[in-house]
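Here's the structure we're looking at; comments come further down.
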Amino acid sequence: MVNVHIHQFQPGGAVVDAAALAEFQEQWGTYRKLVESGVLAHREVGHILRATLNDGFKAPFSFLDIACGDASLMKAALPGTQVRHYHGIDLSQAALELAAANLAGLPFEVDLDHRDFVEAMMRRPEHADAAWCSLSIHHLSTHDKLGLMKAIRGATGARGIFLLYEPTRRADEDRTAWLDRFARTNKPLWSVLTPAEWDQIWHHVTTCDFPETAAGWCDLGRQAGFGDARQVFVDPTDFFRLFRFDG
C-alpha cells in the first residue's frame, strides 16, 4: 500500500509549476544517466545496504529514507529484507510521484512525505530502526550537518543503524583541491553526459557541494551521539564513500 502525504509549506500549498517541473525533469534525467551508467556505484552500495539490513534485522523493522528521490535504489535493495514500513522524505513532488510508482506493489507499507528533509527531521517524533541518506547531506554546512545527524540519531535511537553515502574529500584535500580532482577525474569518466549536462553538473557541484573528509564524517557521527562510526565502502574513483553509524 502506498500512501503519499503532501505537506504544504505556505497558504494554498506548494505547487510544482510547468517551469519547475521541466527543470526537475532535465536535472533528474542527467542524474539518472549517471546512475544507470554505474559511475556512482549505486549497485554496489545497494548490495551493501541489503546485506546490512539482513544482518542487523531478523524481525520486521521500519526504514527511513532521507532525501529519497525516486526510490529506485530501494526498489532494488529492500525486497528480500524484513522491512515492514518504509518512510521516504523529499522536497520534490515530481520525484515522489516516481517513488510511488517504483514502490507500488512491494510487500511493505510505504509513506512518502513532500517536505524539506532537514525541516522534517528536526520535527520528527517517530522512531525508525534504520535510516539511509545518499548524496544529499554534503549540501549543508558542517554545523547544519551535525544538527541533522543529531536528529537522525534521535530518530534511530540506541539500537538503530544509519547509513550515509556521500562525496568525501581525501584527508589532505581542501574544497578547492577536491573540486580540481572532481573535474580532472570525472569529466572524462562521465562520458554519457553531453557537454551541456556536464556544465549543469559542474555548476551544481561548485555552488552546492561541501564534502567532509572521511574522518570528518565519522567525527560528526560521534558528536551526534552514535556510539560507532566507520567507513564501509569507497567507490573506485575515491569520490564517494559509504559510512555506517550505530547507536
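Annotations
- The helix-based estimate of mean residue ellipticity at 222 nm for the chain, built from -39,500 (n - 2.57) per DSSP H run of four or more residues and divided by its residue count, is -14500 deg cm²/dmol to the nearest 500.
- Probe 1.4 Å - accessible area at H127, Å² to nearest ten: 100
- When V110, V232 are compared by accessible area of protein heavy atoms, the largest-first order is V232, V110, using a 1.4 Å probe.
- Placing W202, W217 in order of accessible area, with the largest value first and a 1.4 Å probe, yields W202, W217.
- Under the span-like rule (Cα at least 27 Å along the axis, Kyte-Doolittle mean at least 1.0), DSSP H helices of the chain: none
- Taking all protein chains together and rolling a 1.4 Å probe, L179 ends up with roughly 20 Å² accessible.
- Most to least accessible of F239, F117, F210 (protein chains only, probe 1.4 Å): F210, F117, F239
- Euclidean distance between Cα centres, segment 187-247 to segment 146-173, Å: 12
- Distances between placed amide hydrogens fall under 5 Å for R170 paired with no residue 5 or more residues away or on another chain.
- Segment 155-198: C-alpha gyration tensor shape, a/c 1.5 cut-off, then a/b vs b/c: oblate
- 18 Å Cα-Cα reach of K33 towards lysines, excluding residues that sit fewer than 8 places from it in its own chain: K75, K187
- Segment 23-167: C-alpha gyration tensor shape, a/c 1.5 cut-off, then a/b vs b/c: rounded
- Loop-resident trypsin sites (Lys or Arg not before Pro) (DSSP state other than H, G, I, E or B) in segment 166-201 with no more than 16 further Cβ atoms inside 10 Å of their Cβ: R170.
- With an a/c value under 1.5 for the gyration tensor axes a ≥ b ≥ c computed over the alpha-carbon atoms, the chain is described as rounded.
- Counting only heavy atoms of the protein chains and using a 1.4 Å probe, R115 has close to 40 Å² of accessible surface.
The values are calculated or read from the model by the stated rules, or taken from the named source; none is laboratory data. What you see is a predicted model; the values in this text were computed from it and never measured. Heads up, the Cβs are rebuilt from the backbone with ideal geometry, glycines too, and the neighbour counts pull from every protein chain shown. For the accessible areas, the whole protein counts, side chains as well, though only heavy atoms, and no ligand, DNA or RNA atoms are used. Shrake-Rupley method; radii C 1.70, N 1.55, O 1.52, S 1.80 Å.
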